[in-house]
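The numbers here are math on the coordinates, done by the rules we state, and not lab data. Given the structure is predicted, the values throughout are model-derived calculations rather than measurements. We place every Cβ from the backbone using ideal geometry, glycine too, and count neighbours over all the protein chains shown.
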Amino acid sequence: MGDVIHALPVASAIHQAWPDTRITWIIDPRWAPLLEGNPDLSATHEFPRCEFRGPLGILRFFTWCRSLKDIRADAALDLQCLFRSGLMARFSTARRVWGLSDAREGAGFFYTDRVSVADNEHAVQRYLRALPAMGIPIPEQPDWILPRGREHETIPKNRPYVVLHPFARGARKSLNKECLDAFLKTFRKHSNLPCVLVGAGSYNSEIHAGVLNLLHRTKLAELITILRQATFVVSVDSGPMHLAAALGTPLLSIHTWSDPRRVGPYVESAWIWQGGQIRRQNLNLTPRPQKPFSPEDACETANFVALEVLRLTQT
């Protein structure tokens with residue numbers, strides 16, 4: 001999800017510079033709702049990744065790759081920069097293939113042009129560097145075009161609420177039960193706003209009044225609307241965090257070990273927790289030493305969020 005969101009400004013800039021160009025985006029069907037109705041795109045081409053697992057998965061993958069020639073691409077841009085995405089670019093029969101200089105898994109073998117990027121740059125900045133290589137200027141303000149989404153029937157209508165997204169796939173990113181308990185109990189002491197839990201994970205919230213548990217109960221189109229309409233979002237380093245940032249929702253992102261300069265919210269109005277400290281996002285600031293997120297940190301974060309929510313709802 002994060003890769004798709006980070007690449008949206010690139011598609012927008014290409015479309016604005018070359019409005020007559022047909023842009024086809026190869027995408028995992030799970031994230032296709034993020035591109036629904038996008039005016040920058042002419043088409044999407046689904047990459048059914050789940051079908052390529054198991055002993056016969058590689059064979060099915062190469063069979064699927066042959067379908068890419070139907071796109072009839074003149075050029076390809078690989079921003080994911082992995083072996084499979086580089087191979088897709090080549091199978092598209094594009095005469096010119098741009099990729100980034102830090103490509104992994106041998107993906108660079110498939111490129112005709114490599115775009116130089118720095119190690120400590122944010123993913124959005126790295127992706128945007130492909131534009132000058134294509135003869136397109138980098139826009140002063142990146143443009144995120146996201147669909148309207150869909151209402152979730154259980155979300156409070158016309159009432160402020162806070163979203164908590166506590167789980168991520170990466171190791172040591174997710175909040176444990178003790179931190180969740182501490183955050184929710186402390187937040188309820190200082191705010192009467194409902195707290196909506198979203199994402200994939202398991203947590204029993206029955207003991208917490210004012211908590212709406214939507215874990216495993218939202219589709220991506222519904223998540224877009226939930227995050228768009230939230231008063232404030234608290235999230236670990238994850239795709240939904242980047243989605244909230246792109247939507248412009250007030251946000252606090254929790255980084256236990258990841259570098260906020262590279263993978264934090266790409267908006268300096270956002271807040272981050274990192275190294276035991278809450279501060280505004282700063283893409284040029286060297287991170288503090290790593291620190292696990294403890295129940296005490298959860299209490300401090302909940303206090304901070306309650307004050308921010310009070311300020312936001314009173315202005």
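Computed from the mean reciprocal separation of all distinct C-alpha pairs, what Kirkwood hydrodynamic radius does the range 162-314 have, in Å? Can you show the working numbers first?
Working: mean 1/r = 0.0657 Å⁻¹.
15.2 Å is the Kirkwood radius here.
Taking other Cβ within 10 Å of each residue's Cβ, how do Lys177, Lys185 sort, fewest first?
Fewest to most other Cβ atoms nearby, the residues stand as Lys177, Lys185.
Assuming a viscosity of 1.002 mPa s and a temperature of 20 °C, what translational diffusion coefficient in µm² per second does Stokes-Einstein assign to the chain, Rh being the Kirkwood radius over Cα pairs? Can you show the working numbers first?
Details: Rh = 20.8 Å.
Estimated via Stokes-Einstein, D reaches 103 µm²/s.
Which value in deg cm²/dmol, rounded to the nearest 500, describes the helix-derived mean residue ellipticity at 222 nm for the chain, given -39,500 (n - 2.57) per DSSP H run of n ≥ 4 and division by the residue count?
On the way: 10 runs with 101 residues, N = 315.
Value at 222 nm, helices only: -9500 deg cm²/dmol.
Using 0.36 nm per residue of separation minus the Cα-Cα distance, give me the extension gain between Glu178 and Arg150 in nm, one decimal.
On the way: separation 28, 0.36 × 28 = 10.08 nm, distance 3.23 nm.
Gain on stretching Glu178 to Arg150: 6.8 nm.
How much length would be gained if the chain were fully extended between Glu51 and Leu307, taking 0.36 nm per residue of separation minus their Cα-Cα distance, in nm to one decimal? Can you show the working numbers first?
Numbers: separation 256, 0.36 × 256 = 92.16 nm, distance 4.67 nm.
Extra length available between Glu51 and Leu307 comes to 87.5 nm.
Just to verify a number: FRET efficiency for Arg95 and Leu285, C-beta to C-beta distance, R0 = 51 Å, to 0.05?
On the way: r = 42 Å, r/R0 = 0.82.
Plugging the Cβ-Cβ distance into 1/(1 + (r/R0)^6) gives 0.75.
Please check: in the Gaussian network model of the chain (C-alpha springs, under 10 Å), which one of Gly276, Gly170, Gly201 has the largest mean-square fluctuation.
Its mean-square fluctuation being the largest, the pick is Gly170.
Enumerate by residue number the GluC sites (Glu not before Pro) in the range 124-181 meeting two conditions: DSSP loop (anything except H, G, I, E, B), and at most 11 other Cβ atoms within 10 Å of the site's Cβ.
In loop regions of the range 124-181 (DSSP not H, G, I, E or B), the sparsely surrounded GluC sites (Glu not before Pro) are Glu140, Glu153.
List the GluC sites (Glu not before Pro) in the range 36-82 that DSSP assigns to loop (not H, G, I, E or B) and whose Cβ has at most 16 other Cβ atoms within 10 Å. Which are they?
On the way: sites: Glu36, Glu46, Glu51; in loops: Glu36.
Answer by residue number: Glu36.
Search the structure for amide H atoms under 5 Å from the amide H of Ile26, placed 1.01 Å from N in the peptide plane, and list their residues when 5 or more places away or on another chain.
His45
For the range 7-66, how big is the tail of P(r) above 19 Å, as a whole percent of Cα pairs? Please report the intermediate quantities before stating the final value.
Numbers: 729 of 1770 pairs.
Result: 41 percent of Cα pairs exceed 19 Å.
Using a 7 Å offset from Cα along Cα-Cβ at Thr21, what residues in the range 122-148 end up with backbone N under 18 Å from the label point?
125-145
Of Ser116, Ser174, Ser258, which is the most mobile in a GNM of the chain whose springs link Cα atoms less than 10 angstrom apart?
In this elastic network of the chain, the residue with the biggest mean-square fluctuation among Ser116, Ser174, Ser258 is Ser116.
Rounding to the nearest 10 and keeping the result within 0 to 90°, find how far the Cα-based axis of helix 220-229 lies from the longest principal axis of the chain.
For helix 220-229, the angle is close to 50 degrees.
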